[in-house]
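Written out below as structure tokens is the structure these notes cover.
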Amino acid sequence: MILVDADACPVKDEIYRVAERYKAQVRIVSNSPFRVPVSERVKRVVVSDSFDAADDWIAENADERSVVITADILLAERCLKAGARVLKHDGREFDAASIGSAIATRAIMEDLRAGMDGVGGGPPPFSKADRSRFLQALDRVLVGMG
């Protein structure tokens, strides 16, 4: 099953295409409704708008048969602990070896942003190369799980 942290996910269409090819189940999890393809495999899960409700649903439903798509480092850590594979939108995979440094970097960046009074650029624009890398990574992970 592919669990998608959907609120800021730029690769939903790619997920649908790859999931169809592998006949994988997909859950699009968000605080508000998204359009999803008409498919027995793709289901929309709308959770409450409380803080972390989508993350909590995903973490509670992730297991060793799941692929989680998220850029949220703390959600990634929770899903890794549940045995899931976790991919960022750009195709990079979170794993046991990388999650600790990702969490540390997140904390450092939070501290830096707090001291800059709102000055900052945010992440770089999402590129075609990111999209392509994501497609290759999702394909590789699903093949490895099959």
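Summary of values
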{"item": "Calculated FRET value between Ser32 and Asp63, using beta carbons and R₀ = 25 Å, to 0.05", "result": "0.45"}
{"item": "Extension gain, Val46 back to Asp95 (0.36 nm per residue minus Cα-Cα distance, nm)", "result": "14.9 nm"}
{"item": "Sequence-distant lysines (8 or more away, or on other chains) whose Cα lies within less than 24 Å of Lys43", "result": "Lys12, Lys23, Lys88"}
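FYI, it's all coordinate maths here, none of it is from the lab. Every value quoted in this text rests on a predicted model; they were computed, and no experiment measured them. Glycine also receives a Cβ, built like all others from the backbone with ideal geometry; neighbour counts cover every protein chain displayed.
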